[in-house]
Amino acid sequence: MPEPAPEIGGSDVSIHSDGRLAMQAAAGHAPAFGELVNRHSGGLLRFLLRYCGNLHDAEDLLQDTFVRAYEHIGSYDANYKFTTWMFTIAWRLACSHHRKGRTVRINEEPAQPLDRSCPLGHAMKAEQKDNLWNTARQVLPENQFMALWLKYAEDISVQEIARILDRRPGNVKVLLFRAREGLYDKLKGDEDGKLSAGRRHAGAVAGGA
Amino acid sequence: MMSCDTIRQQISGCLDSGRPLPDRVRDHIDSCRPCREFHEACRGIGERLAADAASGCPAVGPLLRDAVMARCSQVRPGAATARNWRRIFIRFSAAALATAALITLAILIRPAMFKQPLPSPAPVVIVPQPHPDQGGTRLVAWLVSNPDIVPQSLNKAGQAVREPVKQQTDLLMKKGADFASTLLAAMPIKPASPPKPQDLR
C-alpha cells in the first residue's frame, strides 16, 4: 500500500518510517535526512570500521556514503529496506576505496599508530586482538566478509544480502558456507598450533627436569 | 551416503535459514566427529560474531553527524538522478553518432561490400556452321570434341534454358541428314536407295 504524500516540515520526524523520511528528504526536507543519518550512522560506522581497519578512513567513508545517498535519494525504492540501500552504497564505496589501495588491513600496522596513552586508542588496540571480526577480515575475501557481516552483525536475511551484493540467494549461501569454513579452519589451525606449542613446551620442561 | 562436504553445506544452510537439521544430517554428525565439531564451531562462531560486532566501536558523535549534514547541505537532494539521465542521454547520443559515422565510412570506402555480385557473362562460343559438302558431320565432330559446351535456347516463357549436348547433337544430325538427302535428290545419278539418318551416325 503506497504511503501518503510526505508532509514537508512535519513536527516530529523521529516517529516516521525510513521510507517516509526518504520521501521527505527527496522533497528537500533536510531534518528528515538528518533523522536517517541518526538512525543508520552507527551500524554503517561499525561495518566500515571493521572493513577498513582504521577509524579515520571509516569516518570518511561514512560521510561519503551519506552524501552519495542524499544525491541519489530520488532513486530509492521504498519497497525495499532503507538499510539494504545504505549498505549497498557503503559496500560499493568501501570496495572502491579498497581497490585504490587506501585501506589499511587489520594485520598491518597503520600509518599513524593508535596513541597508547589515549584510553580509547589503547582499548581499541587491545580489543582488535580478540575480536573475531578482525580475524575474519584477515582470512576471508571481501565478499565473504561482507556476507558474514550482514548476516551476523546486521541480522539481514539471505534475500536482502543477495540484493546488496548483487548476487543470487544461492550464491550468498555458498559465500556464507565458505566464510564459515574459512573461519573454522583458521580457528582450528590456531588451536592446533597452540596445542602443539604447549606439548613442545611441556616436553622441554620435562626434558629439563 | 552423503559426503562430509555436502553435510557441512547443509549445516551451513540450516544456520542461514534457522531451520532444524534434517534427520539424515543429524545421523551423520552423530557418527562423524569432524562434522560434529564443524557444526558446534559454526554455532559458536555465529554467536561470537554477533557479540563482537558492536564491541570496541565508538559511537557516532555529534561532530561526525554535523560534518555529514554540512556536506549534504552542499548538494541538492536527488541531483544525481537528473545528472545520471543527462549522462545516459549523452552516452546514447554519442554511441548513435559513432555508429552512423562508421556505417557512412564503410559505405564510402568499401562500396563493393554492399553490392550484390553480378553473374559472370556466359562465354561466347563460335559454333561452326554445317558445310554443304559435309552436312552435319563436321559440326557433330566438333561438338563431340568439345563436351563442355552446353548450348542455350529460349523456352516458351522466353527464359534461357540449358539443353544437354546430346539433344542438340541429335537435332543437328537430323538437319545434316536432311541436307544430304536434298543434295542427293538434286544429283543427276541417284543411288539405289537414299541414306537413312541412322546410317550417317
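The values are calculated or read from the model by the stated rules, or taken from the named source; none is laboratory data. If you're wondering where the values come from, they're calculated on a predicted model, not measured in any experiment. Cβ coordinates were reconstructed from backbone atoms using ideal geometry, including for glycine residues, and neighbour counts include every protein chain displayed. Quick note on the areas: whole protein, heavy atoms, side chains included, nothing else; ligands and nucleic acids left out. Shrake-Rupley method; radii C 1.70, N 1.55, O 1.52, S 1.80 Å.
To keep it simple, each residue is scored yes or no on (1) more than 40 Å from the chain's Cα centre (by Cα); (2) modelled with pLDDT under 80; (3) part of a helix (DSSP H, G or I).
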position	(1), (2), (3)
B:R65	yes, no, yes
B:R71	yes, no, yes
B:N84	no, yes, yes
B:A96	no, no, yes
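So if I check each of B:A51, B:A67, B:A59, which one is without any contact (Cβ under 8 Å) to a residue 24 or more places away in the chain and open to solvent by less than 60 Å² (accessible area, probe 1.4 Å)? I'd like the intermediate steps shown before the answer.
Working: B:A51 fails: open to solvent by less than 60 Å² (accessible area, probe 1.4 Å); B:A59 fails: open to solvent by less than 60 Å² (accessible area, probe 1.4 Å).
So the residue among B:A51, B:A67, B:A59 that is without any contact (Cβ under 8 Å) to a residue 24 or more places away in the chain and open to solvent by less than 60 Å² (accessible area, probe 1.4 Å) is B:A67.
Select from the range A:134-143 the residues that are more than 9 Å from chain B (Cβ to nearest Cβ) and out of contact with any Cys (no Cβ under 7 Å at 6 or more places or on another chain) and write down the one among them that is most open to solvent (accessible area, probe 1.4 Å).
Per the stated criteria, the residue is A:Q138.
With respect to A:Y70, determine if the residue is part of a helix (DSSP H, G or I) and farther than 25 Å from A:R20 by Cβ.
Numbers: part of a helix (DSSP H, G or I): yes; farther than 25 Å from A:R20 by Cβ: no.
Spelling it out, it is not the case that A:Y70 is part of a helix (DSSP H, G or I) and farther than 25 Å from A:R20 by Cβ.
Tell me whether the range A:144-161 contains one or more residues that are touching a Pro at 6+ places or on another chain (Cβ under 6 Å), at pLDDT 65 or above, open to solvent by 70 Å² or more (accessible area, probe 1.4 Å) and within 12 Å of chain B (Cβ to nearest Cβ). So that I can check it myself, show each step before the final result.
So in the range A:144-161, the residues touching a Pro at 6+ places or on another chain (Cβ under 6 Å) come out as A:158-159.
Still in the list and also at pLDDT 65 or above: A:158-159.
Those left that are additionally open to solvent by 70 Å² or more (accessible area, probe 1.4 Å): A:159.
If we keep only those that are within 12 Å of chain B (Cβ to nearest Cβ) too, we end up with A:159.
Yes, because at least one residue in the range A:144-161 is touching a Pro at 6+ places or on another chain (Cβ under 6 Å), at pLDDT 65 or above, open to solvent by 70 Å² or more (accessible area, probe 1.4 Å) and within 12 Å of chain B (Cβ to nearest Cβ).
All but one of (1) within 55 Å of the chain's Cα centre (by Cα); (2) part of a helix (DSSP H, G or I) hold for B:P77, so report the exception by its number.
Result: B:P77 passes all but (2).
Looking at the range B:24-46 only, could you name the residues that are within 9 Å of another protein chain (Cβ to nearest Cβ) and open to solvent by 40 Å² or more (accessible area, probe 1.4 Å)?
B:E37
Among the numbered conditions (1) modelled with pLDDT of 90 or more; (2) surrounded by fewer than 16 Cβ atoms within 10 Å (Cβ to Cβ); (3) touching a helix residue (DSSP H, G or I) at 6+ places or on another chain (Cβ under 6 Å), tell me where A:G182 comes up short.
Condition (2) is where A:G182 drops out.
Do you know which of the residues in the range A:25-42 that are more than 9 Å from chain B (Cβ to nearest Cβ) and under 23 Å from A:K151 (Cβ atoms) is least open to solvent (accessible area, probe 1.4 Å)?
Kept after step one, since they are more than 9 Å from chain B (Cβ to nearest Cβ), are these residues of the range A:25-42: A:31-32, A:35-36, A:39-40.
From what's left, under 23 Å from A:K151 (Cβ atoms): A:39-40.
Details: A:R39: 87, A:H40: 24 Å².
Going through the qualifying residues, I end up with A:H40.
List pairs: first residue in the range A:119-142 and outside the structural domain of A:Y51 (by TED's automatic domain parsing), second residue at pLDDT 85 or above and not in a helix (DSSP H, G or I) anywhere in the structure, Cβ distance under 9 angstrom, at least six positions apart or on different chains.
Going by the 9 Å Cβ cut-off, the qualifying pairs are A:W133/A:A153.
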